1. Quickly run through the range 117-159 and pick out the residues that are surrounded by fewer than 18 Cβ atoms within 10 Å (Cβ to Cβ) and either closer than 17 Å to ASP15 by Cα or of a type in the set (A, V, I, L, M) (or both).
2. Out of all the residues in the range 146-178, which are basic (Lys, Arg) and out of contact with any Pro (no Cβ under 8 Å at 6 or more places or on another chain)?
3. Given ARG94, ARG108, which one is more than 17 Å from the chain's Cα centre (by Cα) and under 23 Å from ARG75 (Cβ atoms)?
4. Taking the range 154-167 as the region of interest, how many residues are within 13 Å of the ligand (Cβ to nearest atom), under 12 Å from VAL24 (Cα atoms) and either free of Cβ contacts under 8 Å to residues at least 40 places away in the same chain or in contact with a Phe, Trp or Tyr (Cβ under 9 Å, 6 or more places away or on another chain) (or both)?
5. Between a first residue in the range 71-94 that is more than 21 Å from GLU114 (Cβ to Cβ) and in contact (Cβ under 8 Å) with a residue 24 or more places away in the chain and a second residue that is within 16 Å of the ligand (Cβ to nearest atom) and among the aromatic types (Phe, Trp, Tyr), which pairs have beta carbons less than 7 Å apart while being 6 or more apart in sequence or on different chains?
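Read-outs throughout are calculated quantities, based only on the coordinates presented, and are distinct from any laboratory measurement. Treat the numbers as computed from the prediction; the structure is a model and nothing was measured. Neighbour counts are summed over all protein chains in view; Cβ atoms, including those assigned to glycine, are modelled from backbone coordinates with ideal geometry.
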Amino acid sequence: SGSWEPLYRVVLLGDPGVGKTSLVNLFAGVQERDLLEQHGEAAYKRTLSVDGEETTLLVMDAWEPEQRGEESRRRSQCLQVGNAYIIVYSITDRGSFESASELRIQLRHARQAEDIPIILVGNKTDLVRCREVSVEEGRACAVVFDCKFIETSAALQHNVAELFEGVVRQIRLRRGGK
Ligand code: GDP
């Protein structure tokens, strides 16, 4: 891969405990992990080959929960720097699903008029008996918020590669190329 290939910043958003760090760890891989200190935060860079073409993603796991509606520099930075967003909730936690909707709205306000790829992710599908949010609800939410949708299990490594490949495809679609 050449040194001129573009790098796209992908920012993970979502409530604490939904599985953001677990997903990004799977993305980074044990062998290939390349921890960068960027804005003092964890970011993982990896080049993926998708549909015969290589794309480098820098995935940032720097989101912090809102405290009493207080403005935070890190939060607004997260909302500004992404070329794409992964909004994660846990299918076992309805509150995190509601937060995902709020995050989508915050993102829309922060990046008005920009057509940024967003993937809504329902994680923890392995916890079948604890499910509080149905697949249909997740899908319907994605339609309303005009984003892609996928359910994953970081624990079972199910659909995680598909998630990041989907991010790459969404970025390419907007690039105006193939
Ligand atoms: P974060 O706070 O959003 O970064 O969430 P973490 O990645 O730290 O995960 C929070 C907890 O949920 C940890 O104990 C993880 O092991 C667990 N977890 C994450 N993903 C899954 C999953 O897909 N299934 C199950 N059963 N547990 C998960």
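1. LEU127, VAL128, ARG131, GLU132, VAL135, ALA140, VAL143, VAL144, ALA155, LEU156 - these are the residues of the range 117-159 that are surrounded by fewer than 18 Cβ atoms within 10 Å (Cβ to Cβ) and either closer than 17 Å to ASP15 by Cα or of a type in the set (A, V, I, L, M) (or both).
2. Pass one, the range 146-178, residues basic (Lys, Arg): 148, 169, 172, 174-175, 178.
Those that are basic (Lys, Arg) and out of contact with any Pro (no Cβ under 8 Å at 6 or more places or on another chain): ARG169, ARG172, ARG175, LYS178.
3. Numbers: ARG108 fails: more than 17 Å from the chain's Cα centre (by Cα).
The match here is ARG94.
4. Matching residues across the range 154-167 total 2.
5. Note: pairs meeting the criteria are TYR89/PHE97.
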